[in-house]
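Working notes for the structure below.
The values are calculated or read from the model by the stated rules, or taken from the named source; none is laboratory data. Since the structure is predicted, the reported quantities are computational estimates derived from the model, not experimental observations. Virtual Cβ from ideal backbone geometry, glycine too; neighbours counted across all protein chains shown.
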Amino acid sequence: MSDLPTPPTQTADPALLTLEFEGAGHGPLRAIVAGEIDFASAPSMQARITAACDRARTRQLILDLAGVGFMDSSGLRVLLHLRRELAGEHGGLVLLGPTEEVRHILTLTGLDQHLPVADTLVRAQELLRETENDSTEP
Amino acid sequence: MDSRSSILLIEDDEGDALLVREELADVPQAPAIEWVRSLADAVGPLSRGVRCVLLDLGLPDADGGLSTLRAVRELAPEAAVLVLTGQDDEHLGIRALGEGAQDYLVKGAVDGRLLTRAIRYAIERRRADQAALQLREAQLQARENARLERGLLPSPLISDPRLSVLTGYRPGRRSAVLGGDFFDAVELPGGVVRAVIGDVSGHSVDEAALGACLRIAWRTLTLAGSEPAQLLGTLEQMLLHERHDDDVFATLCMLEIAADRRRVRMYLAGHPLPILVDEQGVRLIAGATHPPVGLSLDPEWPSVTIEPQGEWSMLLYTDGLVEGRVGRGSERLGAERLVELVREHVRHHAQPLIDTLIERVAALCAGELTDDIAALWLTSSA
């Protein structure tokens, strides 16, 4: 069961946010977020991603933010929560392809220095492997 | 909701159930009734929502139907409940009123017309009770908000007549609770002025209380003479200990204005950039940003020093002021456009009033301001 790849699932959110999951099996889970991450959509986004990681039995997450047109501090709270949850052995979080809007808030809050960001899927996977090998990283 | 299909009769005796329905059948425009035999059968209809429950108190449970009544009230707290008792146990009906039933009727002593009236009356009474409850909750909320507001948004402690501090606050549209936005400004002996604006992530009464807590700690540490970097470190320690949820963090912008008002040292922790207005124009002031307070990511608290030219003003604000939606897409107002608004404002008004600016922003965002806004406008005149 755990060896089978997780089939892509899609769910619509009333608050203009969609989430799609890909991958896992042995590798990391990729969560593709599209829409706006704000106070209305953030809590359910967090719950659904956590549930998907549990289902896929993985602690490695690639959060694909290429379709995110807006993110506020509620969204940052989700990123920081996931970062903390997935910290430690065999875990990690990488942000993939954040839009200009998302990069802006990451820079503004100084979190660009503390959350790994990748522009390609391959690079994201590399970063996760590096995190795994470097146990000194929080 | 259709009142004709949302009355539920819970009655184990088939004969009695038939009697109730027959009595109602003779009444023009009587409500339609759904009949179930037991509480177990009632769970489905109750969870779908009914307006009135007719409950036979003779159901075979431990205390003459009263525990069934409590279960019904729990399953459908918004429904009116009318209990039916036998001739000999009217006392149970009276006890049922104490347990939250709207009324009781003695079986066999009511006709269809009276029963219809009793149902309508019970529904109206339940509605009135709920309205009274909501009003009470709103009053309590208002009092709580007033308390929190004093904690979050104090009067600045400034005695220098040449340094004016204007403050503005506008609660978000999304809830009755204040957010965690806070500000303060304090003049120290010797003339140095410190000002702060901050925002605790999240929007519940807990975040608001934490904001008030941080603001008071900030003022205490400032008055006690704590150096800025040390103060911010202590504030972070305090947030780590006092927060109710490990995900909570706060952003803030803090200024230390020299006694001669010619130099301003700025500390940013994940907060939107302030706007400076001086002889050189209107612009955002960028600084070395420390991550938000409460993430324990960096023990160093960097600062930048600004040297404004001539008379100057600075606008500190929380993200609610720039995150209002403009137009139909995802686009938000943004800091650059706020600079434009301030520029336009200072061109036309000698003394820009913060309330006017907030109103301008609100108008541009067409009522889409869901987040709280706090703002501080400091002006140094010669």
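Whenever a residue of region B:31-42 is among the aromatic types (Phe, Trp, Tyr), its partners that are part of a strand (DSSP E or B), lying with C-beta atoms within less than 7 angstrom and at least six residues away or across chains, give the pairs B:Trp35/B:Leu9.
I'm trying to understand the selection: among the residues of region A:25-75, which are out of contact with any strand residue (DSSP E or B) (no Cβ under 9 Å at 6 or more places or on another chain) and either assigned to a helix (DSSP H, G or I) or at pLDDT 95 or above (or both)?
Those that are out of contact with any strand residue (DSSP E or B) (no Cβ under 9 Å at 6 or more places or on another chain) and either assigned to a helix (DSSP H, G or I) or at pLDDT 95 or above (or both): A:Pro43, A:Gln46, A:Ala47, A:Thr50, A:Ala51, A:Asp54.
Against the condition buried (at least 18 other Cβ atoms within 10 Å of the Cβ) and assigned to a helix (DSSP H, G or I), how does B:Ile94 come out, does it pass?
Spelling it out, it is not the case that B:Ile94 is buried (at least 18 other Cβ atoms within 10 Å of the Cβ) and assigned to a helix (DSSP H, G or I).
For B:Asp206, the requirement of being surrounded by 24 or more Cβ atoms within 10 Å (Cβ to Cβ), within 13 Å of B:Gly180 (Cβ to Cβ) and charged (D, E, K, R) is not met.
Within region B:294-334, if we keep just the residues that are part of a strand (DSSP E or B) and within 34 Å of the chain's Cα centre (by Cα), the residue that is farthest from the other protein chains (Cβ to nearest Cβ) turns out to be B:Ser313. Every test in (1) closer than 21 Å to B:Leu268 by Cβ; (2) within 14 Å of another protein chain (Cβ to nearest Cβ) is passed by B:His203 save one, and that test is (1).
Checked against (1) more than 21 Å from B:Ala382 (Cβ to Cβ); (2) surrounded by 15 or more Cβ atoms within 10 Å (Cβ to Cβ), B:Trp312 meets all criteria but (1).
Among the residues of region A:111-124, the one identified as within 14 Å of chain B (Cβ to nearest Cβ) and polar (S, T, N, Q) is A:Gln113.
In this entry, B:Ala250 is excluded by the filter for residues that are among the small types (Gly, Ala, Ser) and away from every other protein chain (no Cβ under 14 Å).
Where strands (runs of 3 or more DSSP E) fall wholly inside region B:216-293, the ranges with 3 or more residues that are in contact (Cβ under 8 Å) with a residue 60 or more places away in the chain are B:250-257.
For region A:65-101, the candidate set comprises residues that are surrounded by fewer than 20 Cβ atoms within 10 Å (Cβ to Cβ) and at the interface with another protein chain (Cβ under 9 Å from one of its Cβ atoms); within that set, the residue that is nearest to B:Gly287 (Cα to Cα) is A:Glu101. Going residue by residue through region A:102-110, is there one that turns out to be facing chain B (nearest Cβ under 9 Å), of a type in the set (Gly, Ala, Ser) and either within 15 Å of B:Ser330 (Cα to Cα) or assigned to a helix (DSSP H, G or I) (or both)? No: region A:102-110 contains no residue that is facing chain B (nearest Cβ under 9 Å), of a type in the set (Gly, Ala, Ser) and either within 15 Å of B:Ser330 (Cα to Cα) or assigned to a helix (DSSP H, G or I) (or both). If you check B:Asp16, B:Asp88, B:Asp103 for being of a type in the set (D, E, K, R) and at pLDDT below 85, only one passes: B:Asp88.
Considering B:Gly233, B:Gly225, the condition of being farther than 26 Å from B:Glu137 by Cα, surrounded by 16 or more Cβ atoms within 10 Å (Cβ to Cβ) and not hydrophobic (A, V, I, L, M, F, W, C) is satisfied by B:Gly233 alone.
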